[in-house]
Amino acid sequence: MITAITDRAWCKLYEAMKPGMRDIDLTAIGYQAMIEAGAEIGGVVPFFSGPSTFERGLAMTDRIIQPGDIVYGDITNFWLFGI
């Protein structure tokens, strides 16, 4: 169940990710996809792009994703409790 929830989130994120989006938009999409798939509320799904991809100690931002940016997402800190 946990793997299916995580896979659904990654698929939704992959479909949505494009230049012009904000990091925080990807966070919202990932969170929503996991909740809709049956995860219980447990954390955030932080995303960082460009120079912010080194995630340690950084807060989520509304940075706009630029063409060629590396995008880093951390779904592992979300508590995945299936229904």
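The values are calculated or read from the model by the stated rules, or taken from the named source; none is laboratory data. None of these values were measured; they are calculated from a predicted model. Glycine also receives a Cβ, built like all others from the backbone with ideal geometry; neighbour counts cover every protein chain displayed. The accessibility values were calculated without ligands, DNA or RNA, using every heavy atom of the protein model including side chains. Shrake-Rupley method; radii C 1.70, N 1.55, O 1.52, S 1.80 Å.
What does the charge count near Gly50 come to, summing +1 for each Lys or Arg and -1 for each Asp or Glu among other residues with Cβ under 10 Å from its Cβ?
Working: positive: Arg63; negative: Asp23, Asp69.
With Lys, Arg at +1 and Asp, Glu at -1, the neighbours total -1.
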Fill in the blank from the handout: Here, Thr53 and Tyr14, labelled 7 Å along Cα→Cβ, have an inter-label distance in nm of 1.8
Problem - Calculated from backbone phi, Karplus (6.51, -1.76, 1.60) coupling profile of segment 15-20 in Hz, x at Gly/Pro - result: 5, 8, 5, 7, x, x
Completion exercise
Sorted by chain and number, the residues with a modelled amide H under 5 Å from that of Arg22, at a separation of 5 or more or across chains, are Ile65
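Quick check: from the Cα gyration tensor, does segment 1-45 come out rounded (a/c under 1.5), prolate or oblate? The partial results should precede the final answer.
Values: a/c = 3.06, a/b = 1.62, b/c = 1.88.
Oblate, because a/c is 1.5 or more while a/b does not exceed b/c.
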Exercise for the section: Amide H neighbours of Phe47 under 5 Å, at least 5 residues apart or on other chains, H built in the peptide plane: list them. Expected result: Thr27
Problem - Summed side-chain charge close to Thr27 - residues other than Thr27 whose Cβ falls under 11 Å, Lys, Arg +1, Asp, Glu -1 - result: -3
Exercise for the section: On the full set of protein chains, 1.4 Å probe, figure out the accessible area of Glu36 and give it in Å² to the nearest 10. Expected result: 110
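Calculate, in nm to one decimal, what Arg22 and Ile70 gain on full extension: separation in residues at 0.36 nm each, minus their alpha carbon distance. Please list the in-between numbers first.
Values: separation 48, 0.36 × 48 = 17.28 nm, distance 1.30 nm.
Working it through step by step, the gained length comes to 16.0 nm.
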